[in-house]
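Reading through the structure tokens given below for one structure.
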Amino acid sequence: MNLLEVVLFLPLAAFLIALLIPRSSPQASRVWAILASVATFVLSLGLLGWFDRSTAGEQFAVDIPWISAPDIHFAISANGVSLWLVLLSTFLTPLCILISWRAIQDRAKEFYAFLLLLEFGLIGVFLAQDLFLFYVFWEVSLVPMYFLIGIWGHERRIYAAVKFFLYTMAGSVLMLTAIIYIYNRTQTFSYPAIVDMLSSGRLSFTPEEQLWLFLAFFIAFAIKVPLFPLHTWLPDAHVEAPAAGSVMLAAVMLKMGTYGILHFCLPLFPSAARECAPWIVVLAIIGIIYGALVAMVQPNMKKLVAYSSVSHLGFVVLGIFSFTQMGLDGAVYQMLNHGISTGALFAIVGLLYERRHSLEIKDYGGVATAAPWLSTAFLITTLASIGLPTLNNFVGEFLVLQGSALANFKWTIFASIGVILSACYMLWMYQRVFYGEVNPEVRHHVFDLKLREWAVVVPFIVMMVWMGVYSQSFLPPVGKVTAKVLDETQVNVPFRVQNSAPAHNTEAANAR
Amino acid sequence: MPANPTFNLDDLIRFLPEIILTVMGTLLMVLDPVINKRSSKAFGNLSLLALVAAGAAAVFAYTTKAGPAFGGMLMVDGFATFFRVLVMVVGILTVLPSYSFLTRQEAETGEFHALLLFSIAGQSIMVAANELIIVFIGLEISSIASYVLAGYLRDDKRANEASVKYFLLGSFATAFFLYGVAVIYGCTGTINLTAVRTALTGQDAPSTLFVGLAAALMFVGLAFKVSAAPFQVWAPDVYQGAPTPVAAFLSAGPKAAAFAVFLRIFMTAFEPIAHGWEPIVWGSALLSMIIGNFAALLQSNIKRMLAYSSVAHAGYVMVALAAAPTTPNGGIGAAMFYLAAYALMNVGAFAVVSYVSGRGERSTSIDDLAGLGQRQPMMAAMLTIFLLSLIGVPLTGGFFGKFYIFRSALESHLVWLTVIGLLTSAVAAYYYLRVLVVMYMHEPTEATSKIDPPSLGLRAALILPAIGTLFLGIFPNWVLDFADRSASLLK
């Protein structure tokens, strides 16, 4: 058993053990959950230590036959992109447990059990190298999130939970159809083997086939991202979920979609992806602007952050479909940034809710007076989310915009509007919640950060600054992988888009 | 038919499961007046014993004496053994929750168990039959016993309605089937499936009109038995009215047996005219999936909902049947796997319903499950597994069932059927989720608070299929390998 398997299966084992803890001792469930998730995080840091940053290849590969007919393997491995996403999941899970410590009193045992199961599903999604296994994890991660929203959410939780489940399910059955179709063509689910067949020309899809398969995968991913106009489940799910659910949903689950596009859609169906790119980019830009405009008018903090996610994820999709090295790097970096900064936003909004029991902006005001440290933390997060230089989002947005400018300058012009708008809605919210007259309710109920909450906020802020100031710690392995993906999208495709960093282009040319 | 049908010991061993069941059934009838009903679990125990013994006998017969029995009237092959064991398992899972159910309804009799055993004996004959007349005999034994079982709670008006409806429509269906048999005999002069096949492929093949007519008539009869659209109208009323353990049994046992017959007749005898019946099966599959899943959305009674869901699941198996002629092993193997997975998850789900339904089966609305997750977490967790499996979430048997079926459908280029089928299964997620919502996300009502802890039998009836469902979802190979291998023996 290598370290990657340990990191994957530890949350599952922890989940099974958590089920055995008696209901009468919720504290034991909490302690167990935090211990297990911190252990997972520490082990995943070990992955980072052994990770070879100089290559785009898959590392820590495990390939065990699972089912013989059809030939399904338990195949997992990590590359420079998936490793960061796994770390993001393992980093956020303990923080989510901490923010739920007091907020979740009802059925605490099940709550933490589901959170651990969710962690297992999410890590699995990012590691699976067998299309079938990928689908399994994709669906498995759905179930705990469904319960997290449906049981511990706010008033309209049931509606939101069911909508979330059905939207994802509808998309994923299309993906399943495509996966089975590919299997029938290739007799394998192994993703590396399929890519290998494609690049060596042993397998080729007709343009029509490629388009349909691409769409089947893409719609499943686009629902998860969510790409305008498939985003309508997101505001409901984010708003109704408990704080920990919102954090995991926004920070990690949405990345399942963008990761899927990057890891599966582009290399498997390069020419369809390029053909559809202009349309998708238009949808992404609509999402950026529409998400920002709708966020501006929200009276509810969580809904505002939720719509800001639609806007931010639009940047990620734009970056991916710019088909430039910078755009792809920026997209991946933005995936991580969004995880950190929006995760932090939802976490701190959760802390506010715990105190004031309201998400309405109008119920707040003057929080900065009552809770200065909390306000400072929120301010830093807000600025990060807007894209202030030296904080993380700036790097990602800059790369995405530059990448898209290389592809088509008009895209950049429209997308930049979103950056401006994000400053408007975030700062305006900050102003209404934290400044102004101190609301009497706020004075009575809102107190400053406690030790446990410091433990949540500090790691977030450290990451925001680190990722903003020294992106070199994170980007090089990402760049290796995105360059490879970019190469793979040039298989069977006439050269149209030249990127500014032709790292592997010569190799691709030679291959052809 | 052989000229000199002599018995020999081997034939008796091949027929042993049916013998055990019939003997025990008769014994139970005789013991009925003798045993004290109030305090005794003897009936249940005896029928469990018989079912386990019959299951073992079926395996024994296959491992030692596989082959045709009684001059080719029965065929003890892997296919038959698979379904024999399956119907025995369904029987066991019906008997287990019926202990507490019958006590609660104050209706403990030997009659119930005897009828159940007869019905299973009939199904066991059906699945091993290699001659149309034997199919018919098995079908009748199975059906007549189940008509009575459906009306077993004779003071219940709905049970009576269910029984009469099931009987009337069922008799029609069997009559259709018998007509089909008659026509085939008229055309080909034989009722042996293999011989029919030979006759259809031979030089002087009979007129396609008549063979088509016969196939169509049999299709109607069998489609009724498996509750595939457009012959599904009886299912909701019967499942709702019948006592819950019986409804569980009807939705799994007779259905699996009828599908076994379906596969054997259409893939052995009528395979040469597959191009003719494939579109019909295709249409029926599509209709069943659409009608079943959409009608289930509107139900508030959980038994009715499960009835419509069983129509939809019949549709999925029909997809496999439609794919079978072009991908023989894949399609049949997938159908077999699906029926096994479906039997486990559906019987399990019904067992939970029988547990919460209360005296006189008053609480069978979905809302009566409110807060079950808090009051009886174990029960709720088991039902969750079954429902997730019915939705088709990975790591459950239901998922692999669907996966294998739609894979063979895609292999046969039934792309649209696959896409529509999978989309309707996403629709289906809605009504299954509604049960989960009520169980976990609604506050417990008085009804759920009053539920007693489950009895031992019931617990076994839930845990066994739950383990089975998860096992099929994580290690599907064991069953699938066997299904695939036995599917190839068909012709």
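The values are calculated or read from the model by the stated rules, or taken from the named source; none is laboratory data. Predicted, not measured: the structure shown is a model, and the values here were computed from it. Reconstructed Cβ throughout: ideal geometry from the backbone, glycine too, with neighbour counts over all protein chains shown.
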**Request:** For residues that are acidic (D, E) and assigned to a helix (DSSP H, G or I), scanning just region A:422-473, find the one that is modelled with the highest pLDDT.
**Result:** A:E453
**Prompt:** Tell me, which residue of region A:105-163 that is more than 10 Å from chain B (Cβ to nearest Cβ) and part of a loop (DSSP other than H, G, I, E, B) is nearest to A:S25 (Cα to Cα)?
**Reply:** A:Q105
**Message:** Can you confirm whether B:S284 is within 20 Å of B:Y430 (Cβ to Cβ) and either in contact (Cβ under 8 Å) with a residue 24 or more places away in the chain or among the β-branched types (V, I, T) (or both)?
**Reply:** no
**Residues of region B:368-386 satisfying the condition of being under 22 Å from the mean Cα position of the chain (by Cα) and either assigned to a loop (DSSP other than H, G, I, E, B) or within 11 Å of chain A (Cβ to nearest Cβ) (or both)** = B:T384, B:I385
**Item:** Sole exception among (1) farther than 29 Å from B:A370 by Cβ; (2) within 9 Å of chain B (Cβ to nearest Cβ); (3) not β-branched (V, I, T) for A:M197, by number
**Value:** (2)
**Prompt:** Of these, B:V95, B:V52, B:V59, which one is under 21 Å from the mean Cα position of the chain (by Cα), buried (at least 20 other Cβ atoms within 10 Å of the Cβ), at pLDDT 85 or above and not small (G, A, S)?
**Reply:** B:V95
**Asked** What residue, among those in region A:351-381 that are more than 23 Å from A:W152 (Cβ to Cβ) and out of contact with any helix residue (DSSP H, G or I) (no Cβ under 7 Å at 6 or more places or on another chain), is surrounded by the most Cβ atoms within 10 Å (Cβ to Cβ)?
**Response** A:A371
**Message:** Quick check on A:T177: is it surrounded by fewer than 20 Cβ atoms within 10 Å (Cβ to Cβ) and either more than 29 Å from B:M441 (Cα to Cα) or polar (S, T, N, Q) (or both)?
**Reply:** no
**Message:** Residue under question is A:A78, and the condition is that it be in contact with a Leu (Cβ under 7 Å, 6 or more places away or on another chain), touching a residue at least 60 places away in the same chain (Cβ under 8 Å) and more than 28 Å from A:F189 (Cα to Cα); does it hold?
**Reply:** no
**Request:** Mind counting the residues in region B:474-485 that are within 16 Å of B:R407 (Cα to Cα) and either more than 10 Å from chain A (Cβ to nearest Cβ) or crowded, with 20+ Cβ neighbours inside 10 Å (or both)?
**Result:** 4
**Request:** Return the pairs, sorted by first residue and then second, in which the second residue is in a helix (DSSP H, G or I) and of a type in the set (A, V, I, L, M, F, W, C), the first residue lies in region B:397-417 and is without any contact (Cβ under 8 Å) to a residue 12 or more places away in the chain, the beta carbons are less than 6 Å apart, and the residues are 6+ apart or on different chains.
**Result:** B:L410/A:I180
**Request:** From A:Y435, A:Y425, grab the single residue that is crowded, with 18+ Cβ neighbours inside 10 Å and touching a residue at least 24 places away in the same chain (Cβ under 8 Å).
**Result:** A:Y425
**Fill in**
Residue hits (region B:416-426; at the interface with another protein chain (Cβ under 8 Å from one of its Cβ atoms), β-branched (V, I, T) and surrounded by fewer than 22 Cβ atoms within 10 Å (Cβ to Cβ)) are B:V419
**Request:** Tell me, yes or no, whether region A:243-263 has at least one residue that is touching a residue at least 12 places away in the same chain (Cβ under 8 Å), touching a Gly at 6+ places or on another chain (Cβ under 8 Å), outside any helix (DSSP H, G or I) and over 19 Å from A:G327 (Cβ atoms).
**Result:** no
**Request:** Being touching a residue at least 24 places away in the same chain (Cβ under 8 Å), away from chain A (no Cβ under 13 Å) and not basic (K, R) narrows it down to one of B:A349, B:A429, so name that one.
**Result:** B:A349
**Message:** Can you report the number of residues in region A:360-393 which are within 23 Å of A:V297 (Cβ to Cβ), part of a helix (DSSP H, G or I) and of a type outside the set (G, A, S)?
**Reply:** 11
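A quick yes/no check of all residues on (1) more than 18 Å from A:G260 (Cα to Cα); (2) of a type in the set (G, A, S); (3) touching a helix residue (DSSP H, G or I) at 6+ places or on another chain (Cβ under 7 Å):
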position: A:R156; (1), (2), (3): yes, no, yes
position: A:L176; (1), (2), (3): no, no, yes
position: A:N184; (1), (2), (3): yes, no, yes
position: A:S190; (1), (2), (3): no, yes, no
